[in-house]
Structures are given as structure tokens and as C-alpha cells.
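To start, the structure itself, in C-alpha cells.
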Amino acid sequence: MDLDEVAGRLYGLPPSEFTAARDAEARAAKDAGEVRLARDIAGLRKPTVSAAAVNRLAREHPDDLGELLTLGRELREAWERHDAEALAELTRRRGELAGRLSRLVRREAGLSAAAAAEAEQTLDAAVVDAGAAEEVRRGRLAKPLSYSGFAPAPASASAPRGKPAKKPTDSTASADSASEAKGAGAKGAAARSAAAKSAEAKRAEAEKREEAEAKRRAEAEARKAAERQRALDAHREWVTALEQAVQEHDERAERVAELERKLAKARKRLAESTQRLEVAKREERHARHRIG
């Protein structure tokens, strides 16, 4: 038995069963003489409700989660390449897939709005951070994950390209030669040159429009990501406080229940002692009457 094996079992349990199971595992390790392992097991933190929901997703829907994490890797690579078109498409797919998984987590775990927000925040962190992705994939989270934001710098769909000087075509060269002998040929060459310049200008304008549109899409996606992060940050403090309060309540409720069980046993023993005392008093009175 090692810590990795024990953690794998414990973080697959509902939060309500975690503490008792963890303590039992720690006692078993201690009884087996593995004092250090027992101490490490005892140090494992009870998962919050949202973290447990993501752990469950990793165990019960690994293919769906794997799809999101793969998309996250592709998104990070596109960001590094400054590929605006890929960023726009991957961000769109990210929104659809993250939304589907968030609904799946909420439905199966029955999360509150606060816990659902933390689970969604954890999935977002797994998309943009490779380390977070590995933590989520292992399914052993004790608390939700977060990130400082994912807003790739706007990048054009393709790098600016310089326009090479237009080389004279064979027909243009022939017209130039003919112009030395005939003025009409020169006029025809000039007309073709003007048409070529006009076509080149149109192509350059179209490329500028495409680059501007790609930049606009990337900036729009970046704004959406920033707005989403601001909303998550605004909820983070009170959500964390709520989860801590719930965890503290659960632990204290367990302690109260244990004390109530002990109190019930003590009252039972007191009642038995009282009964024995009454019997002893009666016997003593009877004995005194017999002596008198």
C-alpha cells in the first residue's frame, strides 16, 4: 500500500464519506507499522463539493474530459503561434464543450450555483494550464482550481507579406519591344499594366480586410474570456468562504453526533447505576427490619 493508491480510493468517494475512510486508512497504515504513510494519509484534505464533482467526472466520463483537455492543448499551441483563425475556432469549440461538461457535472452531482461555478472555473483552468489539466485528469482534487486569465494577444491570420515587384510578363516584354516600332503597342502595354496594378490593389485590400476581421474576432474572444474571468473572480471569495463553512459544519456535525452517542451511553450507565442503588436501598431497609 502506498499514498498514491490510497489517495486514488479516497478521492473517488463522496465528501460525506471521505473523513471516516481517510481516518480508517491512516489507522490501518499505523497498525501495519507504516508511521510515515499513516501521517501522509491523515494529511489528505477532504475535497470540497465542487472538487469532488470534477473528480467524479474524471472517473466516470474520461473520454468527454479528455476531449476538453485535448482542445485545451491545441488552444495553447495556437496561442503560442499567434494563429488568430485557429484561436477563434478553438475558442468557439471550447465554449460549446465546456458548457456541455458543466451541465453534465451539475446534473450528475446536483451542485448548488456556487459549487457549479467553482467546477466550471476548474475546467477552465484545465483548458489553459497544462499542470491543472494533469491534476484534473488524475481526479484527486481537494479544492477547485483557478487561473489568472486567458486572453491571447490579438494576432492576424497570417504574417504581413511584402509585395514583390511585378516582373514583366512575356506579353508585356513583347509589347515594349513593339512600342519601339509602334506607338499603339505601348498604349496596349500601359493598359494591361494599369489593369494588373488595379488587380494587385484589390488583392491587397482583400488581404487587409481578412486580417482586420481575424483581428476583430480574436479581440472579441479575448474580451469574452476576460469578462468571464472577472465574473469568476467576483464570486471566488464568497464561494470559497461558503465551501469552507460547509466543510466546517460537516466536521462539527460529525463531532456533535459522536458526543451525542457518548452522552447516550453515559445516561444509560447512569440509569443502570440508579436502579442498582434503589435495589440496594430496599435490601438494606429489609435487612434493618429483620434485625429489629
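The values are calculated or read from the model by the stated rules, or taken from the named source; none is laboratory data. Please read all numbers here as calculations on a predicted model, not as lab measurements. A quick note on method: Cβ atoms are made from the backbone with ideal geometry, for glycine too, and the neighbour counts reach across all protein chains shown. Quick note on the areas: whole protein, heavy atoms, side chains included, nothing else; ligands and nucleic acids left out. Shrake-Rupley method; radii C 1.70, N 1.55, O 1.52, S 1.80 Å.
Things worth noting here:
- Boolean, A86 is over 19 Å from A58 (Cα atoms) and either open to solvent by 20 Å² or more (accessible area, probe 1.4 Å) or of a type in the set (D, E, K, R) (or both): yes
- All positions within region 257-292 that are surrounded by 10 or more Cβ atoms within 10 Å (Cβ to Cβ) and outside any helix (DSSP H, G or I): none
- When each of A38, A52 is tested for being surrounded by 13 or more Cβ atoms within 10 Å (Cβ to Cβ), within 28 Å of the chain's Cα centre (by Cα) and of a type in the set (G, A, S), the lone residue that passes is A52.
- Of the listed requirements (1) open to solvent by less than 10 Å² (accessible area, probe 1.4 Å); (2) among the polar types (S, T, N, Q); (3) over 30 Å from T19 (Cβ atoms), T70 misses just one: (1).
- When region 6-27 is filtered for residues that are open to solvent by less than 50 Å² (accessible area, probe 1.4 Å) and more than 24 Å from the chain's Cα centre (by Cα), the ones remaining, listed by number, are T19, A21, R22, A24, E25, A26.
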